[in-house]
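What follows is one structure encoded as structure tokens, with my remarks underneath.
Just so it is clear, none of the values below were taken in a lab; they were calculated from the coordinates. Since we're looking at a predicted model, the values are computed, not measured. Glycine also receives a Cβ, built like all others from the backbone with ideal geometry; neighbour counts cover every protein chain displayed.
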Amino acid sequence: MGGVTQPDRSGGVQSLDRAFALLEHMAAAGGDLALSELAARSGLPLPTIHRIIRTLVASGYVRQLPSRRYALGPRLIGLGDAASRMLGEWARPQLAELVDQAGETANLAMLDGDAVVYVAQVPSRHSMRMFTEVGRRVPVHCTGVGKVLLAQLPPPDVRGLLARTGMVAQTPHTIIDPDRLARELERIRHQGYAVDDAEQELGVRCVAVAVPGGPSTTALSVSGPETRVTWAAVERIVPLLQRAAAALAGDLAGRGAMTRASFR
């Protein structure tokens, strides 16, 4: 007797993986891409890319430009906002503990296109404290979170990003030379943390570390007036940030494992 044949879902899952990969390539490019460029970046055949892109355009996740190039679509904005809010809520306990330990404002930020966006913050209890509006986008080249996130990227991608954004001086201390920033990023990779030493705002010092294995590229930071965030304080804050980042990474991995198990 013949039984009911279950459809093979491997093709569908593979198409989903490929669709997400193409979206990530567009995001990494920081702008728009032609189908031929997507093929070069992804290694997929052009007919496969065309089929997937056509579906993504129809659903609003990708948009076709008048030049017939393709860019991320507006429907992703709502998904990104919701994901950022969830991530911010998950990180809040770690941020609150950082404030207790370091005594200064703690932040969570993500690389979003060519800028950094703050997705959560717990303010210091000091009357004079740093405050950044959640959702604010800031340059990558002059912020602690931006520099530590740039350090996670391949150098050619960093050069391309900086070519698109420029390196506007926010203060007299802002690094505006790409070669000097490249040396700074190499030092950050070696030491495992970044410092914004009054490069975005005079009188403010910020220390940042990347969240290992975090979603996209994510960073934690502690910021405050340089009179309190002294270089001696930086040495004390770095291990606090690293422990918080590792704890957050573990929490996110655990949540991911629970989600995957629920679909089995």
*Highest mean first, what order results for 174-187, 15-28, 145-158 on Cβ atoms within 10 Å?*
145-158, 15-28, 174-187
*For Leu202 and Asp157, what is the calculated FRET efficiency with R₀ set at 30 Å and r taken between the beta-carbons, to the nearest 0.05?*
0.50
*Backbone HN-Hα couplings from phi across the stretch 53-70 [Karplus 6.51/-1.76/1.60, Hz, Gly and Pro as x]*: 4, 4, 5, 5, 5, 4, 8, x, 7, 9, 10, 8, 8, x, 6, 6, 8, 10
